[in-house]
Amino acid sequence: MRTALTWIFLILLALGGLYGSYALSQAFRTDAREAWQKEAAQAARWLSGTVLGWLAESYTPLSGLAILFENSREVTEIEFLGATDALEARATAFFLDAKAVARRQADGEGWSIEFSNDPLGPLSPDSPLGRHPEIIENIQVAVDHPDQVMLGRPFSADDGSRYSPAALAIQDVRGPLVVIGLVNYDAIANGLFDIHNLDGLQLHIQGRFEETSGPGAERDVIGEPMAGALYSVTTRTVSAGTDLSITWYMNEKFRNGPKEHLSLLTLWSGIVGTLIITAFIAFFVQRNQTITRRVQEATAELKKVSQAVEQSP
């Protein structure tokens, strides 16, 4: 009975030590992950703010061109191209690949490009706007929201680059016109990763763009979710009339992942220590039982000898 109780005590001691080691290890693991996630959230918010800042600065040339047309009786193509070059030269962050001015056609039924610095791209005067319905729709949305920069639905160019038209509808001495630019999402994403060396991060932008019938469905702008991401941070905001959702995904490569070395050290140290202590106690208990048994055997033998001596004549 005493031996059984001893072994039950040793088993409970070992289980308690192992559970305590695991619990302490998990506490350290949780602290490490929370610290890593806090660092990741700060980085994601800062990067999302950079994206929004770059987008806002990219709209500035549209306002500058609008001012040029509003305050001139006649703007020539040379003046338009000179203004676009000057605005680009003064911008600190520029992701508006092309700029153009569209006016209503003579029949009043459609729009055509009057001036453009994109002779071979989607905003070329020689290319029908109907080739990219997103641009036509964005022009109409801008007309419905005059004096506001409106961001349109994204589309892919022939080279695979992702763009969104951004339009600003105004009035000049000749009537209504729309200043249009193409926001290059690939340039924004590549600029972030090239400048900041964002190892272990992946960008995914979605947006709900204003359409002629009202707010549209949420669409993918650029990027995709990361498979096996450890953490993600989403920033929701409004930019040029569009509800944007900017999500950053992080895996174990970001800042070398959560610092779980202390957790692993605690776990294995606790397991080894528990086993050593349990084995040490078991050894002494076994040793004590062996000594006790030998003493009892020696005592019993001595008692037999003593009884034999007493019984002899």
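The values are calculated or read from the model by the stated rules, or taken from the named source; none is laboratory data. As the structure is a prediction and not an experimental result, all values here were calculated from the model. Here Cβ is always computed from backbone atoms with ideal geometry, including for glycine, and neighbour counts include all displayed protein chains. Surface areas here come from the heavy atoms of the whole protein model, side chains and all, with no ligands, DNA or RNA. Shrake-Rupley method; radii C 1.70, N 1.55, O 1.52, S 1.80 Å.
How many residues, within the stretch 85-116, are open to solvent by 20 Å² or more (accessible area, probe 1.4 Å) and in a loop (DSSP other than H, G, I, E, B)?
The number of residues fulfilling the criteria is 9.
Hey, can you tell me all the residues within the stretch 171-192 that are in contact with a strand residue (DSSP E or B) (Cβ under 6 Å, 6 or more places away or on another chain) and among the hydrophobic types (A, V, I, L, M, F, W, C)?
L177, V178, V179, I180, L182, V183, A189 - these are the residues of the stretch 171-192 that are in contact with a strand residue (DSSP E or B) (Cβ under 6 Å, 6 or more places away or on another chain) and among the hydrophobic types (A, V, I, L, M, F, W, C).
Which of the residues belonging to the stretch 206-227 are open to solvent by less than 20 Å² (accessible area, probe 1.4 Å) and modelled with pLDDT under 90?
The answer is G214, G216.
Can you tell me which of (1) part of a loop (DSSP other than H, G, I, E, B); (2) open to solvent by 50 Å² or more (accessible area, probe 1.4 Å); (3) of a type in the set (A, V, I, L, M); (4) within 23 Å of R174 (Cα to Cα) is the one L123 doesn't meet?
(2)
Give me the residue from the stretch 97-116 that is in contact with a Phe, Trp or Tyr (Cβ under 8 Å, 6 or more places away or on another chain) and not β-branched (V, I, T) and, out of that set, farthest from I188 (Cα to Cα).
Only one residue tops the list, namely Q105.
Could you figure out which of (1) open to solvent by 70 Å² or more (accessible area, probe 1.4 Å); (2) of a type outside the set (F, W, Y); (3) within 25 Å of the chain's Cα centre (by Cα) isn't true of L55?
The single condition L55 does not satisfy is (1).
Kindly list, by first and then second residue, each pair from a residue in the stretch 223-249 that is in contact (Cβ under 8 Å) with a residue 12 or more places away in the chain and among the small types (G, A, S) to a residue that is open to solvent by 20 Å² or more (accessible area, probe 1.4 Å) and part of a loop (DSSP other than H, G, I, E, B), limited to pairs with Cβ atoms under 7 Å and residues at least 6 apart or on different chains.
These pairs meet every condition: G228/N251; A229/N251; G241/H145; G241/Q148.
State the number of residues belonging to the stretch 126-164 that are in a strand (DSSP E or B), open to solvent by 10 Å² or more (accessible area, probe 1.4 Å) and of a type in the set (S, T, N, Q).
Number satisfying all stated conditions: 1.
Being modelled with pLDDT under 90 and open to solvent by less than 60 Å² (accessible area, probe 1.4 Å) narrows it down to one of L267, L203, L244, L230, so name that one.
Answer to the selection: L267.
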